[in-house]
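The values are calculated or read from the model by the stated rules, or taken from the named source; none is laboratory data. All figures in this text were calculated on a predicted structure; none of them were measured in a lab. Positions of Cβ are backbone-derived with ideal geometry, glycine not excepted, and every protein chain shown enters the neighbour counts.
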Amino acid sequence: MAEGTTTSVAGSVSTGTSVLVRYFAAAAEAAGVEEERIEFAGLADQAPTVGALRDLLVERYGPAMARVVANGSFLVDGVVRRDPATPLGAQVDVLPPFAGG
């Protein structure tokens, strides 16, 4: 999938919700792109969540992405969010775990 690609996901989250997902370091390697816009379509009574995005990314990109999201971070509109029930914002950054000190 090329940078800037838009994909749709049906049946899991609210109709018409578009989220810009940006990937960094190992997350970008796992996804094969630096960013993509994901259109969530489906049930109008559910908002897209961090957990739904995590599950979608693991399903789409496999074990490499599973390793990233297991210990990495999601920044929802610039704020670290770890609760899978957190609603998504307009932009989500997927960050791998960082070592340092």
Residue by residue through segment 5-32, note down the ones that are more than 20 Å from A70 (Cβ to Cβ), assigned to a loop (DSSP other than H, G, I, E, B) and at pLDDT 50 or above.
G16
Inside segment 88-101, the number of residues satisfying the requirement of being in contact with a helix residue (DSSP H, G or I) (Cβ under 8 Å, 6 or more places away or on another chain) and either surrounded by fewer than 15 Cβ atoms within 10 Å (Cβ to Cβ) or not hydrophobic (A, V, I, L, M, F, W, C) (or both) is 2
Output the residues belonging to segment 43-55 that are among the small types (G, A, S) and either buried (at least 17 other Cβ atoms within 10 Å of the Cβ) or modelled with pLDDT of 75 or more (or both).
A47, G51, A52
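So which residues in segment 69-101 are of a type in the set (S, T, Y) and under 15 Å from R22 (Cα atoms), if there are any at all?
Result: S73, single match.
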Quick one: in segment 56-74, of everything that is part of a helix (DSSP H, G or I) and not hydrophobic (A, V, I, L, M, F, W, C), which residue is surrounded by the most Cβ atoms within 10 Å (Cβ to Cβ)?
Y61
Among the candidates V94, V69, V76, which residue alone is among the hydrophobic types (A, V, I, L, M, F, W, C), touching a residue at least 24 places away in the same chain (Cβ under 8 Å), within 15 Å of A28 (Cβ to Cβ) and in contact with a Ser or Thr (Cβ under 9 Å, 6 or more places away or on another chain)?
V94
What pairs can you find where one residue is in segment 12-37 and among the charged types (D, E, K, R), the other is at pLDDT 95 or above and part of a loop (DSSP other than H, G, I, E, B), and their Cβ atoms are less than 9 Å apart, with a gap of 6+ or different chains?
R22/E34; E34/F24
